[in-house]
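As structure tokens, the structure follows; a few thoughts come after it.
The values are calculated or read from the model by the stated rules, or taken from the named source; none is laboratory data. Since the structure is predicted, the reported quantities are computational estimates derived from the model, not experimental observations. Cβ placement follows ideal geometry from the backbone for every residue including glycine, while neighbour counts extend to all protein chains displayed.
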Amino acid sequence: MSGEREGFVGVFDSGLGGISVLRALVDELPHEDFRYFGDSANAPYGEKTEAQVLDLSRDIVERLLADGAKAIVIACNTATSAAAAALRAAHPDVPIVGIEPALKPAARAFPHGRILVMATEMTLGLEKYHELARAWGGECEVVPVPCPGLAARIERGDLDAPDLAEMVGRLVGDYAGKVDAVVLGCTHYPFVRAQISRALGPGAAFFDGGAGTARQLRKRLSEEGLLAERSRAGRVEFASSLDTPEELALYQRFFSLP
Ligand code: DGL
């Protein structure tokens with residue numbers, strides 16, 4: 001067994017949102033070891049500049065690689081839009097898998113539907129999103145819904161508090177009963193799917209990029225001969241730039257949510 005196969009998969013996000021992706025990664029690849037890094041001290045990324053997100057992402061990836069990561073998952077739509085191309089150019093030998101709003105499966109399921117794409121202002125403003133909408137929007141009505149403040153609010157935990165449901169209601173309430181599908185284009189948002197669903201009323205289908213990202217990671221590890229060859233379950237470790245026991249306990253709690 002090569003030393004590289006022994007390495008872990010480094011997964012990062014601006015904070016705890018990427019834990020929604022980590023769940024899908026562990027389900028798809030239960031024998032891999034994962035190290036999750038949440039940059040909660042610098043969240044939210046969606047309200048920073050593209051250059052700041054690139055710098056932060058570069059530092060995180062360099063540290064994960066120095067610690068022995070064999071592959072990287074950018075579990076953040078915003079960081080993928082701002083940094084994936086530069087990170088791949090800087091580390092051509094490392095599989096680097098990003099995430100993008102799951103517009104493609106949503107448009108396939110509702111080819112003439114009205115599809116909300118909820119994401120950070122940065123994700124919806126960058127060229128990568130416009131390319132995605134041009135490529136897959138087809139005959140759909142694609143409605144971008146920037147959600148300033150939502151990821152930062154989710155970072156605080158306390159998902160059942162009324163202020164969070166009210167915030168979600170302000171963001172999407174106008175579309176109640178009027179949408180076929182919702183794309184959760186920020187990895188924090190699957191944690192408030194129930195609140196979004198309540199605000200929109202019954203009938204909207206939900207799409208997020210977690211499962212697609214997990215399949216892409218499997219493909220890339222397999223192509224590079226990097227899939228773990230072991231029978232034991234993989235390990236999952238958490239680290240955060242907000243390095244307190246409370247923050248790490250919050251990450252663990254989010255990882256255990258259904
Ligand atoms: N979770 C991130 C994403 O997928 C970004 C949230 C933020 O930090 O603004 O876009």
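What the table shows:
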quantity	calculated
Filter result for Leu226 (outside any loop (DSSP other than H, G, I, E, B) and either under 19 Å from the mean Cα position of the chain (by Cα) or within 21 Å of Glu6 (Cα to Cα) (or both))	no
Subset of segment 229-242 (residues that are under 27 Å from Gly15 (Cα atoms), in a loop (DSSP other than H, G, I, E, B) and in contact with a helix residue (DSSP H, G or I) (Cβ under 8 Å, 6 or more places away or on another chain))	Gly234, Ser241, Leu242
Hits in segment 111-132 (condition: more than 26 Å from Ala41 (Cβ to Cβ) and surrounded by fewer than 19 Cβ atoms within 10 Å (Cβ to Cβ))	Pro111, His112, Gly113, Arg114, Glu127, His130, Glu131
Residue ranges of helices (runs of 4 or more DSSP H) in segment 50-161 with at least 1 members basic (Lys, Arg)	50-66, 77-90, 103-109, 127-136, 150-155
Residue ID - farthest from the ligand (Cβ to nearest atom), chosen from residues in segment 174-208 that are more than 17 Å from Phe110 (Cβ to Cβ) and part of a loop (DSSP other than H, G, I, E, B)	Ala176
Qualifying residue in segment 164-172 (condition: away from the ligand (no atom under 16 Å from the Cβ) and buried (at least 18 other Cβ atoms within 10 Å of the Cβ))	yes
Qualifying positions in segment 25-62 - away from the ligand (no atom under 12 Å from the Cβ), without any contact (Cβ under 8 Å) to a residue 60 or more places away in the chain and within 23 Å of Gln216 (Cβ to Cβ)	Leu54, Arg58, Ile60, Val61, Glu62
From the options Leu16, Leu22, residue that is in contact (Cβ under 8 Å) with a residue 24 or more places away in the chain, in contact with an Asp or Glu (Cβ under 7 Å, 6 or more places away or on another chain) and not in a strand (DSSP E or B)	Leu16
From Val61, Val53, Val73, residue being under 19 Å from Cys147 (Cα atoms) and among the β-branched types (Val, Ile, Thr)	Val53
Pair list, Cβ under 7 Å, 6 or more apart: segment 71-82 residue at negative phi, other residue within 9 Å of the ligand (Cβ to nearest atom) and charged (D, E, K, R)	Ala75/Asp13; Cys76/Asp13
Some residue of segment 28-40 being in contact with a helix residue (DSSP H, G or I) (Cβ under 8 Å, 6 or more places away or on another chain), more than 19 Å from Thr187 (Cα to Cα) and assigned to a helix (DSSP H, G or I)	no
Total residues in segment 242-258, condition in contact with a strand residue (DSSP E or B) (Cβ under 9 Å, 6 or more places away or on another chain) and surrounded by fewer than 18 Cβ atoms within 10 Å (Cβ to Cβ)	3
Pro202 being within 20 Å of the chain's Cα centre (by Cα), surrounded by fewer than 20 Cβ atoms within 10 Å (Cβ to Cβ), at pLDDT below 95 and not hydroxyl-bearing (Ser, Thr, Tyr)	no
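One line per residue, one yes/no per condition, for (1) aromatic (Phe, Trp, Tyr); (2) surrounded by fewer than 24 Cβ atoms within 10 Å (Cβ to Cβ); (3) at pLDDT below 95; (4) closer than 29 Å to Glu6 by Cβ:
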residue: Tyr45; (1), (2), (3), (4): yes, no, no, no
residue: Glu50; (1), (2), (3), (4): no, yes, no, no
residue: Val73; (1), (2), (3), (4): no, no, no, yes
residue: Asn77; (1), (2), (3), (4): no, no, no, no
residue: Pro92; (1), (2), (3), (4): no, yes, no, yes
